[in-house]
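Peer 1: Please see the structure below; I have some questions.
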Amino acid sequence: MAESMKGLKRTHRCGELSAANIGEKVTVMGWVQKQRNKGGIIFVDLRDRAGILQIIFEETDCGAEHFAKAEKLRSEFVAAVTGRVEKRAGAVNENLATGEIEVRAESLRILSEAETPPFPIEENSRTKEELRLKYRYLDLRRPDLQRNLMLRSQMTAAVHTFLKEEGFLEVETPILNKSTPEGARDYLVPSRIHQGCFYALPQSPQIFKQLLMCSGYDRYFQIAKCFRDEDLRADRQPEFTQIDLEMSFVDMEDVLDVTERMVAKVCKETVGLEVSLPLKRMTWDEAMNRFGSDKPDTRFGMELTDVSETVKGCGFGVFTGALEAGGSVRGINVKGQAEMPRKKIDALVEFAKGYGVKGLAYLAVLPDGSYKSSFAKFMTEEELKALVTAMGGEPGDLLLFAADKLKLVWSVLGALRVELAKQLGLVDDNQYNFLWVTEFPQFEWSDEEERYMAMHHPFTMPMEEDLEILETDPGKVRAKAYDIVVNGMELGGGSVRIFQSDIQERMFEALGFTKEKAHEQFGFLLDAFQYGVPPHAGLAIGLERFVMLLAQTDNIRDVIAFPKIKDASCLMSDAPGKVEEKQLEELHLQVTE
């Protein structure tokens, strides 16, 4: 039978007590982690979000009534205990923050009984994630998940403090917006009142934060909820949170400065991580050519080498064919892996095929200086030597090559170096390499749309020196856009915004928008630009990714209280779900099976 608290007040959380509290009378409350009955003495581990505390029940201290209740305690019962803090009689438990002490119970109230949970509530659970997500309210009792969510809370508090000290104003922007055609798919919300019309949930507060700059708010920020209807990955969710900011009368340098100081402050205050400032910088071209990625992991080498000129005219048709088709031949040097088993090399070839190339070519420089290769028979000794020299190859090295369209070559080799670094243990998980990637392309070609699309969004300012080729050679236009990257993960990104109406019109034209279409989609922003708009720039950092980084987890669901799974559904609440016919009628909707 559950008891009420009857005015009983908790004095401490379980994990807050220490040797400094010895001799004090305390009241603690929490969940029973486990109960061990040793005959005349009962040991109970009581758990709350602060930690675990050992409680001792002996009948001479707590009386027969409370001892009898202690005998009934089971895993996940909720209990309130009053007693005195003592030095632990047995050996100190080095694994617990409270391992030096215990509480000798004087009274016990069972506040709530519990059924046996479907899995143990323990750190680093081996229970299948699907089962844990179905019972997420139990999974969230695990200390490791609680630490992650407490870290998230500490991080957002540090962000608030820093940005307010820097003169930023926190402003909330609408959740119910108008759908825009650029970017990922919108989540749509039907309007009951406006028949046949839909709101869209925001993919970001982009337009509204630019309007706030037009309105003179100067420095805005928001911990903003955003939504994208896209395929999920380990670091993606349909709803996510970003640290969103915008600044007036600034250029790129101002945004980079305030952002990296904010990141350094959050890292230092929450996990004690020292981030060296200023952060290193790298252009998009340099990142792609060296690492095959616009979010390079710079904790290890294995950089890409362009050998197109070296193999031009050689006897290997795969290389020459790619070059004749306008492609590229590039490679990575896997130091000391010349004698990697053929089975592992074949697995790497299959890995590469997953990125759209037909395969990989390999050349192993054996310790005795001879070669083992998939293509050596097609090239002369001189050509092979020149290739090894170009790759910086030495006896013992394994050289891997991709030959295809440049975009594909970058993609496959960029992914391959990361995969090999994991396999070979080249990555130090305690190392954090932050950097800025700058000068992104303004546009990327979409085969599906058969037109150029904005790589970031239509409001990104091109580099001034590239404005003259905006219409004639849009593929070469660079943007005043920047991403903050750490350990191969894009933490956030932003850009300097277009604030001149004539440049914005040219941008829409380059993207294939008619004046009418641009005004239909973004009319209120374009209208606002007629009334005096300051130069402005901004950025957004993915909060969940930031927490993942500092919590050292590679699963975004570990840092969200109630996450969705890969198909964007919730195993706990069964969302999304069907609704009653009456609701559909009110919204003027019909569902087609």
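The values are calculated or read from the model by the stated rules, or taken from the named source; none is laboratory data. The structure presented is a predicted model; accordingly, all values stated were derived computationally and were not measured. Glycine also receives a Cβ, built like all others from the backbone with ideal geometry; neighbour counts cover every protein chain displayed. Just so you know, the surface numbers come from the protein's heavy atoms only, side chains and all, with ligands and any DNA or RNA stripped out. Shrake-Rupley method; radii C 1.70, N 1.55, O 1.52, S 1.80 Å.
Peer 1: Does region 545-589 hold any residues that are over 22 Å from residue 135 (Cβ atoms) and touching a residue at least 40 places away in the same chain (Cβ under 8 Å), and which are they?
Peer 2: Within region 545-589, 545, 546, 547, 548, 549, 550, 552, 554, 586, 587, 588, 589 meet the criteria.
Peer 1: Now, a different point. Considering region 161-213 alone, what residues qualify as being charged (D, E, K, R) and touching a Ser or Thr at 6+ places or on another chain (Cβ under 9 Å)?
Peer 2: 186, 209
Peer 1: If you don't mind, there's one more thing I want to ask. Looking at the structure I just gave you, is residue 366 of a type in the set (A, V, I, L, M, F, W, C) and within 39 Å of the chain's Cα centre (by Cα)?
Peer 2: No, not satisfied.
Peer 1: Pull up region 480-503, narrow it to residues that are modelled with pLDDT of 95 or more and over 23 Å from the mean Cα position of the chain (by Cα), then point me to the one that is most open to solvent (accessible area, probe 1.4 Å).
Peer 2: My answer is 480.
Peer 1: So, one more: Show the residue pairs meeting these rules: Cβ distance below 8 Å; 6+ apart or different chains; first residue within region 509-521 and within 14 Å of residue 459 (Cα to Cα); second residue part of a loop (DSSP other than H, G, I, E, B) and open to solvent by less than 80 Å² (accessible area, probe 1.4 Å).
Peer 2: Partner pairs satisfying both residue conditions: 510/470; 511/182; 511/458; 513/458; 521/180; 521/181; 521/513.
Peer 1: I'd like to check which helices (runs of 4 or more DSSP H) are fully inside region 288-360 and have at least 1 residues that are under 29 Å from residue 483 (Cα atoms) and open to solvent by 60 Å² or more (accessible area, probe 1.4 Å).
Peer 2: Counting at least 1 such residues, we get 342-353.
Peer 1: Same structure, new question: Tell me the residue from 186, 229, 244 that is buried (at least 19 other Cβ atoms within 10 Å of the Cβ), closer than 27 Å to residue 513 by Cβ and either among the basic types (Lys, Arg) or modelled with pLDDT under 95 (or both), please.
Peer 2: Selected residue: 186, the only one of 186, 229, 244 that is buried (at least 19 other Cβ atoms within 10 Å of the Cβ), closer than 27 Å to residue 513 by Cβ and either among the basic types (Lys, Arg) or modelled with pLDDT under 95 (or both).
Peer 1: Among the residues of region 273-284, is any more than 26 Å from residue 551 (Cα to Cα), of a type in the set (A, V, I, L, M) and not in a loop (DSSP other than H, G, I, E, B)?
Peer 2: Yes; the residues of region 273-284 include at least one that is more than 26 Å from residue 551 (Cα to Cα), of a type in the set (A, V, I, L, M) and not in a loop (DSSP other than H, G, I, E, B).
Peer 1: Next question, about the same structure. I'd like to check which strands (runs of 3 or more DSSP E) are fully inside region 365-447 and have at least 1 residues that are at pLDDT below 95.
Peer 2: 371-373, 443-446
Peer 1: If you don't mind, another one. Return the residues of region 143-185 that are among the hydroxyl-bearing types (Ser, Thr, Tyr) and either under 23 Å from residue 237 (Cα atoms) or touching a helix residue (DSSP H, G or I) at 6+ places or on another chain (Cβ under 6 Å) (or both); say none if nothing qualifies.
Peer 2: Listed by number, the residues that qualify are 153, 156, 173, 179, 180.
Peer 1: Just checking, how many residues over region 1-29 are farther than 17 Å from residue 99 by Cβ, at pLDDT 95 or above and not hydrophobic (A, V, I, L, M, F, W, C)?
Peer 2: Here the count works out to 7.
Peer 1: Looking only at region 459-478, decide whether some residue is in a strand (DSSP E or B), modelled with pLDDT under 95 and within 30 Å of residue 550 (Cβ to Cβ).
Peer 2: yes
Peer 1: Those residues that are surrounded by 14 or more Cβ atoms within 10 Å (Cβ to Cβ) and among the charged types (D, E, K, R), I need them from region 542-593; list them, please.
Peer 2: Correct list: 544, 545, 557, 558, 564.
Peer 1: I'd like to verify a number: residues in region 105-119 that are of a type in the set (S, T, N, Q), farther than 16 Å from residue 5 by Cα and in contact with a Gly (Cβ under 8 Å, 6 or more places away or on another chain), how many?
Peer 2: So the answer is 0.
Peer 1: So which of 116, 156, 127, 82 ends up being open to solvent by less than 60 Å² (accessible area, probe 1.4 Å) and assigned to a loop (DSSP other than H, G, I, E, B)?
Peer 2: 127
Peer 1: Related question: Which is open to solvent by less than 40 Å² (accessible area, probe 1.4 Å), touching a residue at least 60 places away in the same chain (Cβ under 8 Å) and farther than 23 Å from residue 10 by Cα, of 133, 140?
Peer 2: The match here is 133.
Peer 1: State which residue is most open to solvent (accessible area, probe 1.4 Å) when the search covers only region 433-469 and only residues that are more than 27 Å from residue 185 (Cβ to Cβ) and in contact with a strand residue (DSSP E or B) (Cβ under 6 Å, 6 or more places away or on another chain).
Peer 2: 439
Peer 1: Could you say whether any residue in region 240-247 is in contact with a Leu (Cβ under 9 Å, 6 or more places away or on another chain) and among the aromatic types (Phe, Trp, Tyr)?
Peer 2: The answer is yes; a qualifying residue exists.
Peer 1: Let me ask another. Can you name every residue in region 52-68 that is under 22 Å from residue 100 (Cβ atoms) and surrounded by fewer than 19 Cβ atoms within 10 Å (Cβ to Cβ)?
Peer 2: Scanning region 52-68 gives 58, 61.
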